[in-house]
1. Assuming R0 = 56 Å, can you tell me the calculated FRET efficiency for the pair Asn259 and His589, based on Cβ-Cβ distance, to the nearest 0.05?
2. By counting other Cβ atoms within 10 Å of each Cβ, how are Val228, Val324 ranked from fewest to most?
3. Lys and Arg at +1, Asp and Glu at -1: add these up for the other residues within a Cβ distance under 15 Å of Gly365 and post the number.
4. Mind checking the log10 I(q)/I(0) for region 395-648 at q = 0.08, 0.13, 0.15 Å⁻¹? Debye, one equal scatterer per Cα, no solvent, two decimals.
5. How much length is gained if the chain between Ala378 and Gln119 is pulled fully straight, taking 0.36 nm per residue apart and subtracting their Cα-Cα distance, in nm to one decimal?
6. Once both labels are modelled 7 Å past Cα along the beta-carbon direction, what's the Asp504-Thr633 spacing in nm?
7. DSSP beta bridges in region 395-648, what fraction antiparallel, as a percent rounded to 5?
8. In whole angstrom, note down how far apart the Cα centers of region 585-612 and region 438-507 are.
Amino acid sequence: MVGLSQSNKRRHGTETLLYQLDANAQALGSNEWEAIADSNINSDVGETSQQFRREILTELQMIDAFQDREGLVDRVKPAASTYLSDMDEEFALISNGRLDDARKLNDSRVDPDFDLLDQAIRQAIARFETETRHSSQTALLGSIGILLGSLVSILVLTFHFERGRHLQKTNARLQDLVTQLSRSQDKLIHTAYHDSLTHLPNRTRFMDRLKQCVKRANRHEDYTFAVVLMDIDQFKIVNDSLGHSAGDELIVLISERLNGSIRRDESDVQPGNVNGPIRRPGNDLLARYGGDEFAILLDDIRDASDGIRVAERIQQALIPLFLVGGRQLQITLSTGIAVSITGYSAAEGVLRDADTAMHGAKALGKSRYLICDPEMHAAAVNRLELEDDLRQAASRSELLVYYQPIVSLEDGRLSGFEALIRWQRPGFGLVAPAEFISVAEETGLIAPIGAFVLREACRQMHAWHLQFASDPPLTIAVNFSGKQFIQPDLLERVVQILRETGLDPRSLGVEFTESVAMQDADRTARILRELKALGVHTSVDDFGTGYSSLSHLRRLPLDILKLDRSFVSEMEESDENREIVRTIISLAHILGMHVVAEGIEKVEQANELRSLGCKYAQGYFFSKPMNQFDAETFIGSDLRKTRFSGLLHA
């Protein structure tokens, strides 16, 4: 839309000039000709009439390129020519110092010349507005934009030469005309980018935004968008049976329901701007893409599941019957989704894949949606189902706490347990945390899940203290996620749960990863000090997988360092790896921390770690994570006192 851009630029120039004219008019008052005689505005008089003529003629040539059936544009040319001729004559008188003669000529020509030009331009504008109401052709709208720009330019040039003469009178008329031009341009821009029936953005606007998104995705690896393309199932039957008016009515009703199914945000991006910051989610664009097709641009999404979520929300919105032409109709859509993660260099490629998926959905029996990549589609559906199931898992009592023993390497006796979440998901069996914790983190479900694990682990350990007395008492270690750790009321939550369950704080250990600890080291240190003041043990989990820096961790009030299983498994491969483990254990002791080794699978590993000074260990060699009842058997058996002791010293 080059014409629209030119018109907008010229309109801005005209409005700026109006401000300057008004300021000059107030300063000169009614003595404009005296100001000319005193050369107060001599910079204008110094401009040559030849240059002025060339600029006007250039604009008239632009007008010539526009074909107008009514000939209204042609009437602007003679009006401008008459104005130009009289201006030349007046300018010559001013240049020769014949101000009285110039003034007489001005008095006799300004009003009739301007009236003629004013009338011709207004008639042309009225005709252009009629043209734009009945056409959405880009070529026609672009030509009108160029023409409006030319008319604005003529006014700028004309009134540039009128400064200092009848300023207050002519300035008011110019303001009125420019206002009309501005309104016409606003209507023109809206028509160029919107559908006349639904008033939604049209294909042109949609493509502009889509091109911006493609360019942004190529510049930002963490930016993802999707296109959701929809086609009304069996729309032709509605048109053929009820008529095109009923079809139009249905299109409008569907657009209203779709409009309520997308995210919103006040901000917008001007066409062509792809260098700005990535915007917040919520700048989705719904457009009428064709006769019975709609398209949604999902901007800055998380992954493909967001596209499916929108498609399902739209299907729900279409369930209520539509009342069209006195009849109730059940309407469905076939939907195709293309996600930018596939990688696109052009907007056309995104639309191609969305269109392919849409027709695939229609072939499957209408009222369906598909993602262009079958594997991605299956993964996105699984992800969405997992999220929905996880939201209901707690209320269905599907979440379970399992317990993995932590054993003393000094005497082989049970020291305590680590509490681990499990999900008894219907149809899938027992699901390990690696399969759903990341989803819980992303959706915010980790907070209630974490609170459930902490409460259940504390309750169970208190019950075991009553059932199985020991000295020292068994401990329970609970993992805290990053989202949990940044909760402002974390300490209050821990205190409340300890109070509710009756567990001695000295029997609770709080575990977190290195990356969580380093997110805000000062805050982390403060929280850990407060937890330790309660008597709670603090532990850094999976050491060696994050920052791997004891120099960072030494600033934190920690009791336990948990050595990641990767160090344990590689320890036997070389003396170098063994020395790395020895060094970590020695430094931990220097910093006043005990070491718990994870992932022990063989007695040789346990004995080697014991010889290196590691005090505690856990892993499948001792036991896999167990449910409550198996854990009670484990605690109550005599094996707790003899089994591992014998093996470790063999």
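Throughout, read-outs are computed from the coordinates displayed, never taken from laboratory work. Computed from a prediction, not measured in an experiment: that's the story for all the values here. Cβ placement follows ideal geometry from the backbone for every residue including glycine, while neighbour counts extend to all protein chains displayed.
1. The value I calculate is 0.30.
2. The most exposed by this proxy come first: Val324, Val228.
3. +1
4. -0.30, -0.84, -1.14
5. 86.7 nm
6. According to this spin-label approximation, the distance is 2.9 nm.
7. Once the DSSP bridges in region 395-648 are tallied, antiparallel ones form about 40 percent.
8. Rounded to whole Å, the Cα centres lie 25 Å apart.
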